[in-house]
Every structure is written in C-alpha cells, then in structure tokens.
1. In this structure, does residue 58 turn out to be surrounded by fewer than 13 Cβ atoms within 10 Å (Cβ to Cβ), among the hydroxyl-bearing types (Ser, Thr, Tyr) and under 17 Å from the mean Cα position of the chain (by Cα)?
2. Can you tell me which residues in segment 37-55 are free of Cβ contacts under 8 Å to residues at least 40 places away in the same chain and either farther than 12 Å from residue 20 by Cα or part of a helix (DSSP H, G or I) (or both)?
3. Within segment 79-97, can one find any residue that is of a type in the set (Ser, Thr, Tyr), closer than 26 Å to residue 10 by Cβ and in contact with a strand residue (DSSP E or B) (Cβ under 9 Å, 6 or more places away or on another chain)?
4. Out of 75, 44, report the one residue that is of a type in the set (D, E, K, R), within 14 Å of the chain's Cα centre (by Cα) and under 26 Å from residue 112 (Cα atoms).
5. Yes or no: segment 56-66 includes at least one residue that is under 30 Å from residue 119 (Cα atoms), free of Cβ contacts under 8 Å to residues at least 40 places away in the same chain, in contact with a strand residue (DSSP E or B) (Cβ under 9 Å, 6 or more places away or on another chain) and not in a loop (DSSP other than H, G, I, E, B).
6. What pairs come up if the first residue lies in segment 134-157 and is of a type in the set (Asp, Glu), the second is in a helix (DSSP H, G or I) and crowded, with 17+ Cβ neighbours inside 10 Å, and their beta carbons are under 7 Å apart, counting only those six or more places apart or on different chains?
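Taken together, the values in this text are just the output of simple stated rules run on the coordinates, not laboratory data. A quick note: this is a predicted structure, and the numbers were derived from the prediction, not measured. We place every Cβ from the backbone using ideal geometry, glycine too, and count neighbours over all the protein chains shown.
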Amino acid sequence: MKTFHFSIVLGNANPDSENLEDRLFEAGCDDALVCAYGETVYLEFDREAETALDALNSATLAIKNAGFQIRSYQEGGVVNLSDIARRTQLTRAAVNYYAKGTRGPKGFPKPIYGLDSPTPLYDWAEVAVWLVKHDKLQQEAAEVAVASHQLQLGLLRGGAELSSQEGHSPGH
C-alpha cells in the first residue's frame, strides 16, 4: 500500500454545514483534514491504497455517502508556472526555464489556456508526468494527477468513479 495525498473540493457544503466533520468522519473520511477557503469546503486526504485511482475512488464514495457532492479534484486541473513551482518545491525560475526550453530537459508540456495572457495555464497531469520522467517529482504525485484528471473529466460527463481498468499509469 502507498499513501496518496490529494484534495477534493465539495460542491454542496459550506463551513457552517450541519455536522460537517462528523458526517465525513462517519462516512470514512477519517484520513482527511476538513479545510475552508471562504465559503468553499475542501478535504485534504492522505489515503492509503494500492493505486491513486483506488484512493480517489474510495474518497469519492465516502464523500457521497456523507451526503456531499464533489465540485472538483484539485490535482486534476490546470496550473500556472508559480503553482508548478509550489507543488514541486522547484524555483519559479527553474520551472520557467523548463517551460521556455532554455535550460534543462526538453519537451515540457505546452500550455493549454491563457496563451494571450501573462499567465498561461498548463494541464497539471501532463506536467506531473513530465516531471516524474525527469526525476523532479515523485511517482505517486503524478499518479494522483492523472487519476484526478480522469475523475475530473468524469465529473464533467456526469459521473465521477472510474474502474482501475479505465485508468492508466503515468509514463506508460
């Protein structure tokens, strides 16, 4: 078993939701820290499982069993270069060099949004897989990014759980 760290944003909860912590704990979220950003509630998990997808699916089920909806899987979204630096403990300058291709390994993922802005956005799953390939990030973090990305797409399609057969591991 491995321990996977990830965050899930709840869609129908606020910090004052009745018995929020108790409901989540009793449903199986005893390995999550309940956090809030303004009125938005999110859970930070350190969950043990065989795969990141298993960890995320079991957390998803527990949240739903507690009566809450999932708004997003934090690691399944987009990031800017500052976010990448923060998530990896690399300097902002190093990440910028990778993105521009001026230093370090080549082939950094291309931005997917904001090309006409000073802050382009990148697909975190693509970036995480690239970073693992170049020994700049732990494998588990990339597995969480890829699984979160898949589940985020599932949310957009109206369902969040995926079977392990539908997933794939980073770098394969």
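1. No: the conditions fail for residue 58.
2. Passing the criteria: 37, 38, 39, 40, 44.
3. no
4. 75
5. Scanning segment 56-66 turns up no residue that is under 30 Å from residue 119 (Cα atoms), free of Cβ contacts under 8 Å to residues at least 40 places away in the same chain, in contact with a strand residue (DSSP E or B) (Cβ under 9 Å, 6 or more places away or on another chain) and not in a loop (DSSP other than H, G, I, E, B).
6. 140/52; 143/52
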